[in-house]
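Peer 1: The following block contains the structure, expressed as structure tokens.
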Amino acid sequence: MPILDQLSDAVQRGRVRDALALIEAGLADGITAQKLLDDGLLAGIERLGVKFRKNEVWVPEVMSAARALNRGLQILRPLIIEAGGALKGRVVIGTVHGDLHDVGKNLVGLMLEGSGFEVIDLGVNVSADDFVQAMVEHEPDILCLSALLTTTIGELRGVIDAVAHAGLRDRVQILVGGAPVTSDLAIAIGADGFAQDAAAATELASRLMGLAQ
Amino acid sequence: MDKVTATQTGLLSDALDAAGHHLPMPCRGRRTCGKCGVYVAGVTVPADEHEAALLARYPQPELPGYAFRLACMCQIRGTVAVVTSSIAGVVVADVGMELISYDGTEPQSLGCAIDIGTTTVTLLIFRLGDRELLAEVSQLNHQVAYGSDVLSRIDATATVGSARLQDVIVTQLTGMLDTALRQTGAQATDITRMTITGNTTMLHLLDGLPVRSLGVYPFTPQTLFGETRPARDIFPGLINAELYLPPGISTYVGPDVVCGLLATGVGAAGQAELLVDVGTNGEMAVSDGDRLWCCSTAAGPAFEGAEISAGMPALPGAIEDVWLADDGRIGYRTIARKRPKGICGSGLISAVSTFLDAKLVDETGAMRGTAIEIGNSGISLTQADVRRLQLAKAAIAAGIDTLLAEAGKQAEELSVLHLAGGFGSYMSSESAVGIGLLPPTLIERVSASGNAALTGAVLLTLSRESRGIAEQRAARAEEVGLATHPVFMDRYIEQMSFSGDDNV
């Protein structure tokens with residue numbers, strides 16, 4: 001199997017050591033860091049995303065894969081930047097006020113980071129004011145909001161309204177997600193997009209940045 | 001308590017079955033679980049070593065004239081009288097296994113204990129002096145029209161108001177009380193004591209209190225109850241009765257859990273024990289014999305058969321048990337032996353445990369193909385069903401792991417694992433261990449405690465003194481917040497695999 005396919009396979013199996021060894025071998029063979037990322041690590045994540053949507057793999061496998069991806073990225077990112085490559089964009093992410101769920105939010109953050117975004121994670125139970133504050137401080141391209149409770153999805157609109165109130169709405173794309181969130185709700189509250197899972201969030205974020213994945 | 005007589009020579013369980021009295025047999029009579037205990041009077045063959053060993057594990061209080069035996073092993077010779085406890089645990093009691101008995105002055109007067117479950121409401125009427133059960137009424141909580149889980153009920157109050165949900169439950173309880181009184185031929189005025197338990201939200205709704213703060217972090221309740229008041233405040237006809245509302249520990253570890261602690265004795269001095277109530281919200285408590293920790297975890301409705309493609313409640317026709325036969329085929333049994341119509345929570349656990357044994361599902365939860373039929377039942381589980389079970393199982397198992405870590409205990413250091421809740425009582429502990437829901441080292445120490453919340457409510461009705469015990473225990477309990485607990489976050493992901501390992 002070619003190295004890139006082996007790397008994709010190692011990521012899908014969440015094998016960190018194998019993935020790191022394959023990256024070293026690929027670099028030694030003269031494969032560019034960008035190609036190892038796109039056709040190795042990210043290709044693996046994308047295939048896993050398809051399997052996840054078909055229920056063939058589950059959260060632990062995706063978490064392990066995301067971990068392998070991020071370890072690989074630590075080696076590749078400096079090389080890509082050195083070669084003149086750029087980050088796709090900057091993301092601020094957090095779970096809204098009143099809600100402490102973070103498994104899904106973390107997964108989205110890891111995947112975005114893996115696919116080349118700079119990710120600033122504000123954690124859980126983040127107030128609308130803190131989101132606005134982070135926007136002023138970090139000037140992100142994308143704001144990702146997570147809500148997992150039927151009692152806290154109302155807070156998504158609260159954050160979007162606060163961002164608008166602060167006069168920052170046209171500077172950022174806002175994505176929303178979480179088990180009770182639907183695309184209808186996303187439209188109703190004036191978000192720019194909704195994603196069903198971490199893989200879809202990554203695709204959508206890339207699309208919004210005008211970058212085909 | 002139920003009294004039955006059975007005549008036959010042979011196994012007591014067979015005789016009871018023939019007499020039309022179907023005793024729950026969690027291990028299907030394989031002589032492993034020790035849960036089919038009953039009190040027997042008459043000619044019996046003395047317990048052998050194996051039975052004695054199982055009996056020694058769960059000491060029972062004495063009932064004069066009767067011996068406590070396991071129905072699956074007790075050989076009888078002729079007619080015997082058998083007492084099973086239908087208020088399971090009224091026989092068992094708190095500290096030191098002493099019987100908790102009525103501490104009032106009117107032994108002929110009646111007590112009423114109610115458990116308002118989010119799904120099911122159960123009401124008992126019994127005579128206080130001799131604890132004889134006179135009526136039992138159980139119904140689906142009529143508030144289900146406003147959502148099946150606690151959060152959707154809280155959400156509903158935003159549109160219809162708390163008063164509407166209060167009206168629904170009070171009307172339902174009034175009707176249930178009338179039905180029960182008719183069955184007993186007694187008068188409302190005969191009732192002198194009443195206890196109503198339930199989770200913190202259910203009791204807030206009973207009182208018509210605002211519940212919005214219960215639905216968002218930091219989940220602050222208006223009150224944690226633990227109070228006595230006149231029952232006529234809620235039921236105008238109960239002019240002679242006092243109403244006790246047991247204390248809760250927090251919004252998500254409520255009065256129902258405290259009742260469970262009282263009924264099982266978890267938290268009493270000296271014993272290191274674990275209480276697990278498996279439901280939509282899994283609640284658990286662990287005691288090291290000195291301190292007491294508790295937590296609540298959102299398992300979702302998979303254990304109640306909801307969100308499962310062929311899921312159904314535990315009603316006739318639901319597949320409740322699945323096994324791998326010696327010839328390699330998959331066998332199954334339905335409730336009341338009716339034609340298979342679907343699968344309930346215990347069947348789901350048992351089916352997936354069997355599929356794991358048969359290597360039809362691997363430890364990551366991946367299935368061979370997209371669906372697997374359970375034997376020739378016509379009922380299948382899909383890959384998505386297995387995934388839902390993995391989420392539910394992970395929430396409970398990681399909660400147990402986190403409490404044990406807080407207590408600095410290994411599972412094997414605990415003497416008993418009390419399984420509470422209707423579902424917990426019918427679930428086979430082997431299947432539960434098979435899917436990694438319960439720690440394997442405790443399989444021999446599982447004790448099914450039935451509706452422990454209701455049992456606790458009975459004890460609190462009988463004895464005012466026990467209310468002090470419950471209140472002390474609630475005050476002493478330390479709640480472990482799982483949402484931000486690092487051990488929980490790690491274990492939650494790891495426990496999604498059936499082996500419970502981090503399969504990196």
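Peer 1: Among the candidates B:M194, B:M202, single out the residue that is under 25 Å from B:L133 (Cβ atoms), crowded, with 22+ Cβ neighbours inside 10 Å, touching a Cys at 6+ places or on another chain (Cβ under 7 Å) and away from chain A (no Cβ under 14 Å).
Peer 2: None of the others qualify; the one that does is B:M194.
Peer 1: Can you name every residue in segment B:416-472 that is in contact with a strand residue (DSSP E or B) (Cβ under 9 Å, 6 or more places away or on another chain), β-branched (V, I, T) and not in a helix (DSSP H, G or I)?
Peer 2: Hits for segment B:416-472 are B:V416, B:V446.
Peer 1: Any idea which residue in segment B:151-177 is surrounded by the most Cβ atoms within 10 Å (Cβ to Cβ), counting only those that are of a type in the set (D, E, K, R) and either within 12 Å of another protein chain (Cβ to nearest Cβ) or touching a His at 6+ places or on another chain (Cβ under 7 Å) (or both)?
Peer 2: In this case the residue turns out to be B:R153.
A quick yes/no check of all residues on (1) in contact with a Cys (Cβ under 9 Å, 6 or more places away or on another chain); (2) closer than 17 Å to B:S429 by Cα:
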| site | (1), (2) |
| --- | --- |
| B:E320 | yes, yes |
| B:L324 | no, yes |
| B:G331 | no, no |
| B:R337 | no, no |
| B:G347 | no, yes |
| B:A358 | no, no |
| B:D362 | no, no |
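Peer 1: Suppose the filter is modelled with pLDDT of 95 or more, farther than 16 Å from B:D115 by Cβ and assigned to a strand (DSSP E or B); does B:T192 pass it?
Peer 2: For B:T192, the condition - modelled with pLDDT of 95 or more, farther than 16 Å from B:D115 by Cβ and assigned to a strand (DSSP E or B) - is met.
Peer 1: Looking at segment B:116-150, which of its residues are among the charged types (D, E, K, R) and either surrounded by fewer than 19 Cβ atoms within 10 Å (Cβ to Cβ) or without any contact (Cβ under 8 Å) to a residue 24 or more places away in the chain (or both)?
Peer 2: Hits for segment B:116-150 are B:R127, B:D130, B:E132, B:E136.
Peer 1: Another question, then. Which numbered condition trips up B:R153, out of (1) modelled with pLDDT of 95 or more; (2) within 20 Å of B:D256 (Cα to Cα)?
Peer 2: (1)
Peer 1: Right, next: Which members of segment B:209-263 meet the condition of being small (G, A, S) and either in contact with a Pro (Cβ under 9 Å, 6 or more places away or on another chain) or without any contact (Cβ under 8 Å) to a residue 24 or more places away in the chain (or both)?
Peer 2: B:S213, B:G226, B:A241, B:G248, B:S250, B:G254
Peer 1: Which one of B:G468, B:G500, B:G421 is farther than 26 Å from B:T119 by Cα and crowded, with 20+ Cβ neighbours inside 10 Å?
Peer 2: Result: B:G500 is the single residue among B:G468, B:G500, B:G421 that is farther than 26 Å from B:T119 by Cα and crowded, with 20+ Cβ neighbours inside 10 Å.
Peer 1: Kindly evaluate B:A180 against the criterion of being part of a helix (DSSP H, G or I), within 14 Å of chain A (Cβ to nearest Cβ) and either of a type outside the set (V, I, T) or touching a Phe, Trp or Tyr at 6+ places or on another chain (Cβ under 7 Å) (or both).
Peer 2: So B:A180 fails the test.
Peer 1: Working carefully through the options B:Q472, B:Q495, find the one that is facing another protein chain (nearest Cβ under 10 Å), on the phi < 0 side of the Ramachandran plot and modelled with pLDDT of 90 or more.
Peer 2: B:Q495
Peer 1: Let me ask something additional. When segment A:12-65 is examined, which residues are found to be on the phi > 0 side of the Ramachandran plot and at the interface with another protein chain (Cβ under 10 Å from one of its Cβ atoms)?
Peer 2: A:G14, A:N55
Peer 1: Moving to a separate point now. Taking into account only those residues within segment A:109-127 that are among the hydrophobic types (A, V, I, L, M, F, W, C) and in contact with a strand residue (DSSP E or B) (Cβ under 6 Å, 6 or more places away or on another chain), which is farthest from A:A200 (Cα to Cα)?
Peer 2: Selected residue: A:V126.
Peer 1: Run B:S428 past the list (1) within 14 Å of chain A (Cβ to nearest Cβ); (2) within 22 Å of B:R329 (Cβ to Cβ) and report the number of the one that doesn't hold.
Peer 2: (1)
Peer 1: Take the residues in segment B:41-75 that are within 29 Å of B:I100 (Cβ to Cβ), of a type in the set (A, V, I, L, M, F, W, C) and part of a strand (DSSP E or B); name whichever of them is modelled with the highest pLDDT.
Peer 2: If we take residues in segment B:41-75 being within 29 Å of B:I100 (Cβ to Cβ), of a type in the set (A, V, I, L, M, F, W, C) and part of a strand (DSSP E or B), then B:L70 is modelled with the highest pLDDT.
Peer 1: Out of the residues in segment B:214-229 that are over 26 Å from the mean Cα position of the chain (by Cα) and modelled with pLDDT of 95 or more, which is surrounded by the fewest Cβ atoms within 10 Å (Cβ to Cβ)?
Peer 2: Going through the qualifying residues, I end up with B:R229.
Peer 1: If you don't mind, another one. Hey, among A:G98, A:G114, which residue is on the phi > 0 side of the Ramachandran plot and outside the structural domain of A:D18 (by TED's automatic domain parsing)?
Peer 2: A:G98
Peer 1: So in segment B:356-383, with the set limited to residues that are out of contact with any strand residue (DSSP E or B) (no Cβ under 8 Å at 6 or more places or on another chain) and surrounded by fewer than 16 Cβ atoms within 10 Å (Cβ to Cβ), which one is nearest to B:S497 (Cα to Cα)?
Peer 2: Taking the candidates together, the pick is B:E363.
Peer 1: Just checking, does segment B:377-385 include any residue being touching a residue at least 24 places away in the same chain (Cβ under 8 Å), in a helix (DSSP H, G or I) and within 14 Å of chain A (Cβ to nearest Cβ)?
Peer 2: yes
Yes/no per residue for (1) assigned to a helix (DSSP H, G or I); (2) farther than 17 Å from B:L442 by Cβ; (3) away from chain A (no Cβ under 12 Å):
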{"residue": "B:G347", "(1), (2), (3)": "yes, yes, yes"}
{"residue": "B:F355", "(1), (2), (3)": "yes, yes, yes"}
{"residue": "B:G369", "(1), (2), (3)": "no, yes, no"}
{"residue": "B:Q390", "(1), (2), (3)": "yes, yes, no"}
{"residue": "B:A405", "(1), (2), (3)": "yes, no, yes"}
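Peer 1: I'm trying to understand the selection: among the residues of segment B:263-292, which are at pLDDT 90 or above and out of contact with any strand residue (DSSP E or B) (no Cβ under 8 Å at 6 or more places or on another chain)?
Peer 2: The one that is at pLDDT 90 or above and out of contact with any strand residue (DSSP E or B) (no Cβ under 8 Å at 6 or more places or on another chain): B:D290.
The values are calculated or read from the model by the stated rules, or taken from the named source; none is laboratory data. What you see is a predicted model; the values in this text were computed from it and never measured. Reconstructed Cβ throughout: ideal geometry from the backbone, glycine too, with neighbour counts over all protein chains shown.
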